[in-house]
Every structure is written in C-alpha cells, then in structure tokens.
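The values are calculated or read from the model by the stated rules, or taken from the named source; none is laboratory data. Quick caveat: nothing in here was measured; it's all calculated off a predicted structure. Please note: Cβ atoms are built from the backbone with ideal geometry, for glycine as well, and neighbour counts cover all protein chains shown. Heads up: the accessible areas ignore ligands, DNA and RNA and are worked out on the full protein's heavy atoms, side chains in. Shrake-Rupley method; radii C 1.70, N 1.55, O 1.52, S 1.80 Å.
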Amino acid sequence: KVEKLRKLKDLPAITLDGKRVMLAANIGTPKDVKSALANGAEGVGLFRTEFLYMDRTILPTEEEQFEAYKEVVEKMEGRPVTIRTLDIGGDKELPYLDMPKEMNPFLGYRAIRLCLDRTDIFKTQLRAILRASAYGNIHIMYPMISSITDVRRANAVLNEVKAELDKEGIKYDKNIKVGIMVEIPSAAVTADILAKEVDFFSIGTNDLTQYTLAVDRMNEHVKDYYQPFNPAVLRLIKFVIDAAHKEGKFAAMCGEMAGDPLATVILLGLGLDEFSMSATSIPKVKNIIRNIEYEKAKEIAEKVLNMKEAEKIQQMMEDMIKNID
Ligand code: PEP
Ligand code: MG
C-alpha cells in the first residue's frame, strides 16, 4: 500500500470524471520543502513564518527573512508559495516583544492585529517577502482577518512598502497575489464582502472550528466539542467557497481538515480548489480524489449539509472511505 501511494507522487489530483484540484503542503521552515516535493506537493499553500521569530532574543532582520523566503521559492521551482505574514500571539509569545498579559490571548493582540499596530515589524517582513517574489511565484496571505478594515489597512501598508521598493529600484512581482486566511467566523460570514477585496481565500479550519464552536483547540477537557464536521462549521465552509467563486477567486484550505481523509470527499464536493496539508497526508488524500467522481462528491456534500449531527457525518465518511483502497 505504501508502495502504491508512492507511485501517486507525479500523478495529478484528478477525479474519475476529470475534475482537477491542487494539493499543496503546509511548511514551517525551508527544510520542509524536501518532504513537500517528495510527497508530490504542487505548491506550498501555507508557509508559517513564525519560526523566523521564535527561539531567539531579537527580531529577525529583513535580510534573514529574505534569504529564507527566497530559498523556499527557488526550491519550489516556479510552483506557487503562499507566505503567511506573522501569526504570533495567542499561544505563541515572543519574550523580546514585551507583549501584554491577556485574559484571553486567543481573542487578543495577535497576528494581523499585532502587525497593524507594530507596522515597523510588519513592513520589514513585507519588504523581505516582496523582494523574494522576484525569484519565484509568491502569494502573500494575512492571518486572523476579522473584517474588511483589516484587509484595507494591511494592503495600505503593503502599498507603502511597494512604493518604497519602487523608489529604491528594487525588483518584485508587481502582480503578486494577496489573500487572507478565513479563520474567524466574522470573516466567514462576510466572505461575500471580503471576496471583492482579495485574490484568494484560505480557510483555516483549526481556528475557524475553535472560534465558531467556542472551544479551545488545545484544551483536552473539551476535545469532544472540537468538531470540524459540525454543521455550523460546514455551512461556513460552503459559504466561503461559494463567495470566492462568485467573484472568480479561488478557495483554498490550509487547516488540518484539508488533510483529513474523512473530509476529502465533502470538501471536493463543495468545490474547494486547493487543499494544503502536512506533506505526508498528500498521497492518501490524492488517492481518494482519484477514486471518486466529482458528481458523486457533490451529491455526498449536499447530503452531508442536510445532516444534523457531526458524529453521524463523521461515521458516514468513515464507512465510505473504507471502500477506497
Ligand atoms: C488554522 O487556523 O487553521 C491554520 C491553518 O493556522 P494555524 O494552525 O497556524 O493557526
Ligand atoms: Mg490559525
């Protein structure tokens, strides 16, 4: 079976009736590119950049970041690489940043909120990303967007940085795509508004599940409440994908759900364009996609959306994928 999955590496993620989707990898450092390519990733759907900022005593320089981003795009040889801007705060603290002590860090000063406050940090990162975009196919992605105001403020900073680079005569991809993570319920519910402002969405089901169901994604005591297959979460996912498509934009997913074989058929049927996951999950997900008709997946997604209980949905999907080998 392992051998069979390995043979899938260079085959496309295409259904029996010809619907093609993109399977990409989530990476945390440039070292992860090797495994991404070995498992057949067609791109990097989420490059978490926090590693550059963690386990150290000062902020990373523009040059350090530029080298890391450039290394990844070069190694990906023209395949798209989605770089997520800093998502620090919440559980991830930086000792050298003097962050506030908060009652509810996950509802607090984190990610894009921190970046829009500390534009010095944000601009340094955006400069490094833009400079690296001259060496490959980079997309920029903002985390923890809660409204159109966040998008506009972030883009205003990006435009300032672009103007600086123009003035200095430094090259970058002038058509660089800019998208957002949809991982806060307010963003999901207003996806029709946000779709007009961005080039793409990437659904972050880890946080979207946490915030939609008001359940701490790391708290063992409430782990049964953490349900990506909850109808509330599935309805949001459908709404987000449809909203993107209405504006001719693409819808990706980079939360854990994208790499969960139990979710593959549902997400495919809902029309998800890109699945980004830990590299080792790619072969399994690809195998499922290559063994089902898109028309069938659509029927199943529709059926699932009419079901009432996460447990029953999960059980049905478990029974279904048993038959795919
Ligand atoms: C998510 O929230 O689904 C996500 C992909 O981001 P992270 O796990 O880094 O919060
Ligand atoms: Mg997240």
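Please state which one of 202, 186 is out of contact with any helix residue (DSSP H, G or I) (no Cβ under 8 Å at 6 or more places or on another chain), small (Gly, Ala, Ser), within 16 Å of ligand 2 (Cβ to nearest atom) and open to solvent by 10 Å² or more (accessible area, probe 1.4 Å).
Residue meeting the stated conditions: 186.
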Given (1) of a type in the set (Lys, Arg); (2) under 16 Å from the mean Cα position of the chain (by Cα); (3) over 19 Å from residue 279 (Cα atoms), residue 19 misses just (2)
For the stretch 117-144, pairs from a residue that is free of Cβ contacts under 8 Å to residues at least 12 places away in the same chain to a residue that is within 16 Å of ligand 2 (Cβ to nearest atom), with Cβ under 9 Å and 6 or more apart or across chains, are 117/109
Considering the stretch 65-116, residues that are among the basic types (Lys, Arg) and either under 22 Å from residue 23 (Cβ atoms) or more than 14 Å from ligand 2 (Cβ to nearest atom) (or both), and then whichever is modelled with the lowest pLDDT, we arrive at 101
All-but-one check, residue 47 against (1) within 16 Å of ligand 2 (Cβ to nearest atom); (2) at pLDDT below 95, failing number (2)
Scanning the stretch 119-141 for residues that are open to solvent by less than 40 Å² (accessible area, probe 1.4 Å) and in contact with a strand residue (DSSP E or B) (Cβ under 7 Å, 6 or more places away or on another chain), the one nearest to residue 171 (Cα to Cα) turns out to be 132
Scanning the stretch 70-109 residue by residue, those open to solvent by 10 Å² or more (accessible area, probe 1.4 Å) and hydroxyl-bearing (Ser, Thr, Tyr) turn out to be 96, 109
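When residues of the stretch 244-256 are filtered for being open to solvent by 10 Å² or more (accessible area, probe 1.4 Å) and in contact (Cβ under 8 Å) with a residue 24 or more places away in the chain, how many remain?
Of the residues in the stretch 244-256, 6 are open to solvent by 10 Å² or more (accessible area, probe 1.4 Å) and in contact (Cβ under 8 Å) with a residue 24 or more places away in the chain.
Can you confirm whether the stretch 189-208 contains a residue that is β-branched (Val, Ile, Thr) and under 30 Å from residue 5 (Cα atoms)?
Among the residues of the stretch 189-208, at least one is β-branched (Val, Ile, Thr) and under 30 Å from residue 5 (Cα atoms), which makes the answer yes.
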Kindly establish whether residue 261 is surrounded by fewer than 17 Cβ atoms within 10 Å (Cβ to Cβ) and under 18 Å from residue 21 (Cβ atoms).
yes
If we scan the stretch 142-160, do we find a residue that is open to solvent by 10 Å² or more (accessible area, probe 1.4 Å), at positive phi and either out of contact with any Phe, Trp or Tyr (no Cβ under 8 Å at 6 or more places or on another chain) or within 14 Å of ligand 2 (Cβ to nearest atom) (or both)?
no
Here the residues within the stretch 1-49 that are more than 28 Å from residue 270 (Cα to Cα) and touching a Leu at 6+ places or on another chain (Cβ under 7 Å) are 49
Scanning the stretch 304-325 residue by residue, those within 18 Å of residue 230 (Cα to Cα), of a type in the set (S, T, N, Q) and not in a helix (DSSP H, G or I) turn out to be 306
